[in-house]
1. Out of everything in region A:83-110 that is farther than 24 Å from B:Ile23 by Cα and in contact (Cβ under 8 Å) with a residue 12 or more places away in the chain, what residue ends up being farthest from the chain's Cα centre (by Cα)?
2. Are there any pairs, at least 6 apart or on different chains, whose C-beta atoms fall under 6 Å, with the first in region B:1-24 and at the interface with chain A (Cβ under 9 Å from one of its Cβ atoms) and the second hydroxyl-bearing (Ser, Thr, Tyr), and if so, which?
3. In the list B:Ala36, B:Ala30, which residue meets the criterion of being within 14 Å of another protein chain (Cβ to nearest Cβ) and open to solvent by 50 Å² or more (accessible area, probe 1.4 Å)?
4. What residue, among those in region B:178-201 that are within 24 Å of B:Ser146 (Cβ to Cβ) and among the hydroxyl-bearing types (Ser, Thr, Tyr), is surrounded by the fewest Cβ atoms within 10 Å (Cβ to Cβ)?
5. Which ranges mark the helices (runs of 4 or more DSSP H) fully within region B:1-117 that have 2 or more residues being in contact with an Asp or Glu (Cβ under 7 Å, 6 or more places away or on another chain) and farther than 30 Å from A:Val72 by Cα?
6. Can you find, within region B:140-162, the residue that is most open to solvent (accessible area, probe 1.4 Å) among those that are touching a residue at least 40 places away in the same chain (Cβ under 8 Å) and of a type in the set (S, T, N, Q)?
7. Can you work out which of the residues in region A:79-95 that are more than 7 Å from chain B (Cβ to nearest Cβ) and among the small types (Gly, Ala, Ser) is farthest from B:Ile129 (Cα to Cα)?
Amino acid sequence: MKEIFVNPLNKNNPVTVQMLGICSALAVTSKLEPALVMALSVTVVVAFANVIISLLRNTIPNRIRIIVQLVVVAALVTIVNEILKAFAYDVSKQLSVFIGLIITNCIVMGRLEAFALANKPWPSFVDGVGNGLGYGLILVIVGFFRELLGSGALLGFKVIPDKIYEWGYENNGLMILPPMALVLVACVIWVQKSRDK
Amino acid sequence: MQKEKNTYILIYASVMVVLVALILAYVSDALHPQQAKNEAIDKMRQMLSSLNIVSGNKNAESLYNATITDSYLINSEGDKVEGDAFATDLAAEWQKPLAERSYPVFEASVAGDKKYILSLRGAGLWGPIWGFISLDEDKKTVFGASFGHEGETPGLGAEIDKPAFAHAFSGKKIFDPEGRFTSIAIVKPGKTAEGKDYVDGISGGTITSRGVDAMLYSSLEFYVPYLIK
């Protein structure tokens, strides 16, 4: 049980090992805050989609299982979006289209196919939370460095003192652009691989 | 009943779709009043922000009521027409022929001075962008501005909704000294625009910046007959 939770955080991380969900990792990580909210939303969606599919697993006809999964995920994402709009309007405004894009996040479908269809609800829930957090972990690491080096800020607050700018330091505009997210993800993979060798 | 039979699959899919539709309809219906309220408050905050007044979700409504003194619609001739200015959706107005359009004008009083708030709407990189621009009593000089967007890239185009970008508009003029309408240009940082006032765009957010430029021109153009009256 512990492994189901811990594996996706490191040894079987959905982003760095399975190479899933890279595209949303590029889109929402130019700042730390959207990265955090995205991580949370994906975790909620994967966890609950896993539970629902796991509960239904013995009734789902094999031939239309992907469609069933898609409907469950799409419904959950729509509900999350509506709830954010009603109770966390500012956050929903910031994430806007990316919430809808959770539907197409390969991690969600991947976990439903690979785990929830063959396992009981509780392990599926743990698996969903684990994978959501594993994804979120990478998002937060990448978001941290991109905002720090790209805007000199964290969560919108300036953290690099003016003194350093006077000495000639400049924010790296490249960090804000999507390609640098790929480079940073690659660096994370590099560190992880050489550590776990 | 066998799971892989066509009848089972058909029934399964139909029941699932109907159930999901019911749930979504219920959620959407139940949350709608709260969402509509959020949207109205958000709009008030943006309008207050264009007057350089910072407001929170809690005090937006009372500040709005205290600041905005009058609101009305104007047509393409610059004459006042009947209608609810706050509820007017510029996106819908755009679809109409020019002669039937009506744009909202809000009059506000800031520290005793009369200001006019005009509504803007245009297209960014990924979706619609909008904004409010407030003019001094001379109807030429910008007092403040605020911008919003649906889904511009965070850190790049999305920066248009930050005060840092909007504040640059204060004091700019939308008419040249001869009284011709020029709008305000958005230029690449470091560049200049000839014959009109300009503001630096967002580095890396070129298409969104261009969108703001086009939005200012096309939206303000409609107000010109009203402004020169």
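1. A:Gln94
2. So the pair list comes out as B:Leu24/A:Thr78.
3. Exactly one residue qualifies, and that residue is B:Ala30.
4. That would be B:Thr182.
5. Output list reads B:6-50.
6. The extreme case among them is B:Thr153.
7. By that ranking, first place goes to A:Ala88.
Here's the yes/no breakdown for (1) among the small types (Gly, Ala, Ser); (2) out of contact with any strand residue (DSSP E or B) (no Cβ under 8 Å at 6 or more places or on another chain); (3) on the phi < 0 side of the Ramachandran plot; (4) within 14 Å of chain B (Cβ to nearest Cβ):
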| position | (1), (2), (3), (4) |
| --- | --- |
| A:Pro14 | no, yes, yes, no |
| A:Ala27 | yes, yes, yes, yes |
| A:Ser30 | yes, yes, yes, yes |
| A:Pro34 | no, yes, yes, yes |
| A:Ala39 | yes, yes, yes, no |
| A:Thr43 | no, yes, yes, no |
| A:Leu55 | no, yes, yes, yes |
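The values are calculated or read from the model by the stated rules, or taken from the named source; none is laboratory data. Just so we're clear, the structure is a prediction, and the values are computed from it rather than from any experiment. Every residue, glycine as well, gets a Cβ built from its backbone with ideal geometry; the counts of neighbours run over all protein chains shown. Accessible surface is based on the protein model in full, side chains and every heavy atom, while ligands, DNA and RNA are left aside. Shrake-Rupley method; radii C 1.70, N 1.55, O 1.52, S 1.80 Å.
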